[in-house]
Amino acid sequence: MPNDTDSREIKMKPLHCRGTRSKSTAERLGRRAASALATLLMIVVIAGCDSLLEVTLPGQLEEPDLDDPALAATLSLGAQGDFECALSAWAWQDALWVQELHSTDIIRTRNLVAARLPEVRFLVGTDATFAQLGCTSENPPPMWYPFHGSRFVAEDAASRIQGWQDDGIDIPDADFLTGQALAYAGYSTQLLSEGFCEVAFDLGPVQSREEGMQRALDRFQTALGHLNQVTGASADRAQELIHMVHVGMARAHLNLGNDSEVLNYAGQVPEGFVEYAGRSSSEARRWNRVYNLTRPESQAISVGEENLEIEVDGVPDPRIQAVHTGLGSDGFSEHYQPLKYQSRGDDIPFASWREAQLMIAEVEGGQTAVDVINALRATYDLPEFSSSDEAEIRETLIEERRRELWLTGTHLADILRLDLPLQTSGTTRQGEPFGDLTCMPIPELEVLGNPNL
């Protein structure tokens, strides 16, 4: 089923799970510019039947149908589905950008990303792809559009639901549906702001990463206002979303240097909590893309030698494991498959108590950080850490965070926040010279198509 096209009518097989939606920002904003946000925000969402809210949408769904209040649940679930697909795309690209994974094929667009060259703004003459391709693309890698698409869909869903309420239309579970959509809007905005050097929203002016994170905080805060009002059958799921939002808010404040707010929100996340981006092997849009590109049948992306045989004081660390599968698809690079994900259907964690504890440890340092490290290690029967040297504690904590959150799309943000080095000399395994980019640049197509850039 197509999911990256500009069709005005979406033909569907009967669905008995989450719904499908389309939306053109060119119409909404009254422009037909070449910007990714203006020309390609025609979204198709298909997700699995793993939510508390189930919908059935047989036949066809056309854009005017989105004005039907009966689709409120569908729109909110669509926001979740788009975010989950975007995160799956982001996770492997984040790892490739910071060299936690390496290219083992000859597709140059991927190799430009692995080398962090300025040409990623254009991707060798195919500049539209960097800005426009959706979350299912693997060649070239989609980097700008997926989170912008999921962000817009989520904000649009919340806006429609609120508009119907303002018109006096009764929307069952309106607070839950609005809060859910805005929670995912916050995450999409936060991840964009973590990875890109600058951001721009809805053909608006350029904004700093910090301004983007503040926008994410605004979405999160509004989401909390709605979710805290939820009662009845959706209350348990609303509470899970509240925990998810607290992790996101703590992460935003961590990047903004607001230590007291980090402690406030991270401290509210209950032990054992984890939120996943649901994946499934049944439909390409829902594949775990990290697994799909690193699996033995593909061998396009590989764990690098520096992440092999990772140990803690001589004990193998189960958080980072890989197995040799032969030569990569380029025919000469050794390929190592990460074992974190075992199938296309493996879910991807993106908000957890474990991350919240690591954020508390980063802010507090000292014995608090040591205690957090040991509490997390204990769940894997790894040796305890002991030190009173702040520099050693900090270095160990940074590495613990990398291992805990490996291949979940967080490491680039850590590198930028902590000013960690990235390789800028020599060449990649494919012979590309490393560039000096750290954060990702706004794609040239967005610059050309956005009159305010």
- Message: When the residues of the range 293-320 are narrowed to those that are part of a helix (DSSP H, G or I) and touching a strand residue (DSSP E or B) at 6+ places or on another chain (Cβ under 9 Å), which ends up surrounded by the most Cβ atoms within 10 Å (Cβ to Cβ)?
- Response: 294
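With 257, 225, 248 as the choices, which residue is under 23 Å from residue 157 (Cβ atoms), out of contact with any strand residue (DSSP E or B) (no Cβ under 6 Å at 6 or more places or on another chain) and surrounded by fewer than 17 Cβ atoms within 10 Å (Cβ to Cβ)?
None of the others qualify; the one that does is 225.
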- Members of the range 258-297 found to be modelled with pLDDT of 95 or more, within 23 Å of residue 91 (Cβ to Cβ) and among the small types (Gly, Ala, Ser), listed by number: 266, 272, 277, 278, 280, 281
- Query: For residue 138, are the conditions met, namely being at pLDDT below 90, within 18 Å of residue 291 (Cα to Cα) and not small (Gly, Ala, Ser)?
  - Reply: yes
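Please specify each residue of the range 86-107 satisfying the condition of being of a type in the set (S, T, N, Q), more than 11 Å from residue 277 (Cβ to Cβ) and touching a helix residue (DSSP H, G or I) at 6+ places or on another chain (Cβ under 7 Å).
To start, the set of residues in the range 86-107 that are of a type in the set (S, T, N, Q) comprises 88, 93, 99, 103-104.
Add one more test, that the residue is more than 11 Å from residue 277 (Cβ to Cβ), and what stays is 93, 99, 103-104.
Answer for the range 86-107, where residues must be of a type in the set (S, T, N, Q), more than 11 Å from residue 277 (Cβ to Cβ) and touching a helix residue (DSSP H, G or I) at 6+ places or on another chain (Cβ under 7 Å): 93, 103.
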- Of all residues in the range 62-90, how many are surrounded by fewer than 24 Cβ atoms within 10 Å (Cβ to Cβ) and under 15 Å from the mean Cα position of the chain (by Cα)? 0
- Close pairs (7 angstrom Cβ cut-off, 6 or more residues apart or separate chains): under 15 Å from residue 333 (Cβ atoms) and in contact (Cβ under 8 Å) with a residue 24 or more places away in the chain in the range 302-314, of a type in the set (S, T, N, Q) and in a helix (DSSP H, G or I) anywhere: 302/294
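Condition check ((1) over 15 Å from residue 254 (Cα atoms); (2) at pLDDT 95 or above; (3) in a loop (DSSP other than H, G, I, E, B)) across all residues:
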| residue | (1), (2), (3) |
| --- | --- |
| 360 | no, yes, no |
| 373 | yes, yes, no |
| 384 | yes, yes, yes |
| 395 | yes, yes, no |
| 400 | yes, yes, no |
| 403 | yes, yes, no |
| 407 | yes, yes, yes |
| 420 | yes, yes, yes |
| 423 | yes, no, yes |
- Query: If we scan the range 305-321, do we find a residue that is modelled with pLDDT of 95 or more, under 18 Å from residue 86 (Cα atoms) and among the hydrophobic types (A, V, I, L, M, F, W, C)?
  - Reply: no
- Message: Suppose we filter the range 317-338 for residues that are closer than 19 Å to residue 400 by Cβ and in contact (Cβ under 8 Å) with a residue 40 or more places away in the chain; how many remain?
- Response: 5
- Message: Only one of 275, 210, 261, 240 is part of a helix (DSSP H, G or I), within 27 Å of residue 145 (Cα to Cα) and among the acidic types (Asp, Glu). Can you tell me which?
- Response: 210
- Query: Which condition does residue 323 not pass, out of (1) in a loop (DSSP other than H, G, I, E, B); (2) under 26 Å from residue 383 (Cα atoms), if it passes all the others?
  - Reply: (1)
- Query: Only one residue in 186, 195, 212 is of a type outside the set (Phe, Trp, Tyr), within 20 Å of residue 80 (Cβ to Cβ) and either at pLDDT 95 or above or in contact with a Lys or Arg (Cβ under 9 Å, 6 or more places away or on another chain) (or both). Which one?
  - Reply: 186
- Task: Take the range 159-175 and flag every residue that is among the small types (Gly, Ala, Ser) and free of Cβ contacts under 8 Å to residues at least 60 places away in the same chain.
- Result: 159, 163, 168
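Have a look at 180, 214 and point out the one that is in contact with a Leu (Cβ under 9 Å, 6 or more places away or on another chain), surrounded by fewer than 24 Cβ atoms within 10 Å (Cβ to Cβ) and closer than 20 Å to residue 247 by Cβ. Give the steps one after another, and end with the answer.
Details: 180 fails: surrounded by fewer than 24 Cβ atoms within 10 Å (Cβ to Cβ).
Step by step, each of 180, 214 is checked, and only 214 is in contact with a Leu (Cβ under 9 Å, 6 or more places away or on another chain), surrounded by fewer than 24 Cβ atoms within 10 Å (Cβ to Cβ) and closer than 20 Å to residue 247 by Cβ.
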- Taking residue 102 and the conditions (1) touching a strand residue (DSSP E or B) at 6+ places or on another chain (Cβ under 9 Å); (2) modelled with pLDDT under 90; (3) closer than 28 Å to residue 303 by Cβ, which numbered condition does it fall short on, given that it satisfies the others? (2)
- Query: Given the conditions (1) touching a residue at least 60 places away in the same chain (Cβ under 8 Å); (2) surrounded by 17 or more Cβ atoms within 10 Å (Cβ to Cβ); (3) more than 25 Å from the chain's Cα centre (by Cα), and given that residue 364 satisfies all but one, which numbered condition is not satisfied?
  - Reply: (2)
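The values are calculated or read from the model by the stated rules, or taken from the named source; none is laboratory data. Given the structure is predicted, the values throughout are model-derived calculations rather than measurements. Glycine gets a Cβ as well: all are built from the backbone with ideal geometry, and neighbour counts include every protein chain shown.
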